[in-house]
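> Got a structure for you, questions after.
Just so you know, all these numbers are worked out from the coordinates, no wet-lab data involved. Note that the structure is predicted; figures quoted are calculated from it, not measured. We place every Cβ from the backbone using ideal geometry, glycine too, and count neighbours over all the protein chains shown.
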Amino acid sequence: MTIAFDAIASKATTSGSTTWTHTPSGTPAGVLVFIHQRQDQTDVVTAVTYGGITMTRLARIGNAGVSLASSEYAYFLGNGVPSGAQTVSVTHSSAKDCAYESITYTSSTNISKVQDYKTLSADGAAPRGTNLSLGGNTCHVSLGYATEHYALTQYAPLAGWTVRRETDHTNDCTGCETYDTVGTSDVAWGHDVSGETTRFFASIAVAVTEFSGGSNPAPISPFLMI
């Protein structure tokens, strides 16, 4: 068994620090958390933990937008992931409205790492990120986004992507998608826009693969190679 999608949990929009419960289906080898910050691009997330274990920030991308700002965050844990239902905790330095997803993965080694991640802050009819480079490794790919588009009908995922969660917040939208193919080929990502092409996305895409090196990587280091 190579890397595989296990389970997803979400937390509806909450202002300020929050928690939710993530329940894996199998034995988790990795955890990815997306945080979609609505109508503000200030960096306010100071810590994310899974089962009390500190997760590593991969990236944050923000933009001022045309009328509404937004930010997207991604955090990862690839080793020492506790089994069973766990509390995901997000700490804010100041209260901002955010929505959340947590994704767990399984693998034959019960350890995973981030192969690549990319950020996107763009508008237009076809906002695209730089292709994720999988380096010939078998990866599961997902993305999270916050956008100032005010209706889900104004944009759509690219072919080969599945919407895991999307929410219309009336004045803006947030969501999470996964790529249908767990494979070794580089992955194109972004959205197709059918209306309001001047409105911005803040988005992060992440490719996760199993870790099959020698010694175990450190619990909070998604890039350690041995």
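> Taking the range 112-153, how much of its Cα-Cα pair set, in percent, is spaced more than 15 angstrom apart?
Of the Cα pairs, 53 percent sit more than 15 Å apart.
> Compute from the Cα atoms of the chain the Rg and the Dmax, the latter being the longest Cα-Cα distance, and quote both in angstrom.
16.4, 50
> Which whole-number percentage describes the relative contact order of the chain, with Cα contacts under 8 Å and a sequence gap of 6 or more? List each step's numbers first, then the result.
Working: 692 pairs, mean separation 62.1, N = 226.
Across the chain, relative contact order equals 27 percent.
> So, one more: Straight distance only, please: which aspartates and glutamates reach the Cα of Lys113 with their own Cα at less than 12 Å, same-chain residues fewer than 8 apart left out?
Glu210
> Name the long-range amide H neighbours of Tyr155: under 5 Å, sequence gap of 5 or more, or other chain; modelled H, no Pro or chain starts.
For Tyr155, the qualifying residues are Ser194.
> Here's a follow-up. Go ahead and run the numbers for FRET between Ser133 and Ala4, Cβ-Cβ distance against an R0 of 22 Å, rounding to 0.05.
Numbers: r = 21 Å, r/R0 = 0.93.
The value I calculate is 0.60.
> Amide H to amide H, which residues 5 or more places from Gln115 or on other chains are under 5 Å from it, using H placed in the peptide plane?
Ala207, Val208, Thr209
> A follow-up question, please. Can you put Val208, Val114, Val48 in order, fewest other beta carbons within 10 Å first?
With the fewest neighbours first, Val208, Val114, Val48 line up as Val114, Val48, Val208.
> Hey, another quick one. Label points 7 Å out from Cα along the Cβ direction at Ala126 and Val182: separation in nm?
For the pair Ala126/Val182, the computed spacing is 3.1 nm.
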